[in-house]
Amino acid sequence: MSIRILAVTDLREEEISTPLQTSDGSKTVSIEQYDGIVRKYIYLSVILIRELYLFNYDCILVYNGVGLVGLVPILFGKVSTCPVVSRMNGDVFRQHEEHIKYHMEERNIVKYIKYSSFSRLTKYNYSQFDGHLVVSPHLRDLLIDRLGCGQSLVRFVPNPKDRDKFLTNGNRFDGDNIILLTVANYNFYGKYRGTLEIANSIEQLLENNDNIEFRIAGGGKYYKEMEIHMGEINGRINCLGYVDEIQYEYEAADILLYNSYIDGAPNVILEGQLCGLPIISNSLYGMRYQITHQETGLLVDTPEEFVEWVEFLIENKDYAKSLGDQARSKAISDNCPQKIGMEMVTAIKQIVSSGTT
């Protein structure tokens, strides 16, 4: 049975549109390029009216489904009796809670009210979706527990990633210098905290080895504060800020470090794997499903273990390279957009079928 999907997103369009190329008759509508809330949602409403009137869609798929980008398709889905499914790419509930706490501490009343309202609307949206595609088993369990919905309505489908951009020719450990890299979105305290823990763990290693550098890529509201802290820890910690062409940083690095306390299934891990980097990550959230310990990377339970494994990989370079090679092979196989597209279509069929029985 074929299925026609109308996808809606306001960010990362390629994570929806590319895999859905495997589904004939499906279409992706992105409102990311439109400025202004009124313009965005007038455009989205017009497109939804046209598409749902002209074509017989089996499902509306909404990327993340937060705020109005979730509510508008839900309303049109109810009117047209078309099932609406979310594509959950992260713990949106925790993300909103972090924003609310931050603005409350900053005494920014306007943004506090904004994110509080946004959070309530998102919770409503998720109670109204007919099903969910999630990027990690962790998010699947979270939704089942939070919403009380059946397992048949929450399906795990990993993120796709176009390998061509990240299949770099990096020569790991070829010179005397060693580059350690982390990449994160520092709009979230949980990622900022994680990077601070890495820096504290490897501080003595940096002190004792002039040839080792720790690079931090990523911007956000915690970036300036982090930059100050890192300067106090060690001079060989290089804060890069937001990096547009991040693949070149992956290519230059020898080891990727990742430590986060708010996540779904981070693209950073997947991108690092495609680049053939040996990766050390804390064993939480989707990371513990993305990495098989000592096969496609290394998982740690405490921040102190980061320095232990970094030292081990530097001393055992062939093993480090083998971790990166195995991770790359797995990512190429498991996260191919065409494969993910077929998994998306199968999962949506199952959700739609469960909702009609």
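Annotations for the structure displayed:
- Candidates H229, H132, filtered to the one that is in contact with a Leu (Cβ under 7 Å, 6 or more places away or on another chain), buried (at least 23 other Cβ atoms within 10 Å of the Cβ) and farther than 24 Å from N316 by Cα: H132
- Within the set V46, V38, V69, V79, the sole residue that is under 22 Å from the mean Cα position of the chain (by Cα) and more than 26 Å from R163 (Cβ to Cβ) turns out to be V69.
- Scanning segment 136-189 for residues that are more than 30 Å from Q21 (Cα to Cα), among the basic types (K, R) and outside the structural domain of E213 (by TED's automatic domain parsing) returns a single hit, R146.
- Subset of segment 273-309 (residues that are modelled with pLDDT of 95 or more, farther than 20 Å from D141 by Cβ and among the small types (G, A, S)): G297
- Boolean, L133 is within 23 Å of T18 (Cα to Cα), aliphatic (A, V, I, L, M), assigned to a helix (DSSP H, G or I) and out of contact with any Phe, Trp or Tyr (no Cβ under 6 Å at 6 or more places or on another chain): no
- For segment 136-151, taking the residues that are part of a helix (DSSP H, G or I) and not aliphatic (A, V, I, L, M), the one that is modelled with the lowest pLDDT is identified as Q151.
- Matching helices (runs of 4 or more DSSP H) fully within segment 1-95 where at least 1 residues are surrounded by 22 or more Cβ atoms within 10 Å (Cβ to Cβ) and touching a residue at least 60 places away in the same chain (Cβ under 8 Å): 14-17, 67-80
- Hits in segment 96-121 (condition: more than 18 Å from the chain's Cα centre (by Cα) and either in a strand (DSSP E or B) or under 30 Å from S152 (Cβ atoms) (or both)): F118, S119, R120, L121
- Filtered residue count, segment 152-192, keeping only those that are assigned to a loop (DSSP other than H, G, I, E, B) and either in contact with a Cys (Cβ under 8 Å, 6 or more places away or on another chain) or more than 27 Å from M344 (Cβ to Cβ) (or both): 15
The values are calculated or read from the model by the stated rules, or taken from the named source; none is laboratory data. Values in this document were obtained by computation on a predicted structure and should not be read as measured data. Glycine gets a Cβ as well: all are built from the backbone with ideal geometry, and neighbour counts include every protein chain shown.
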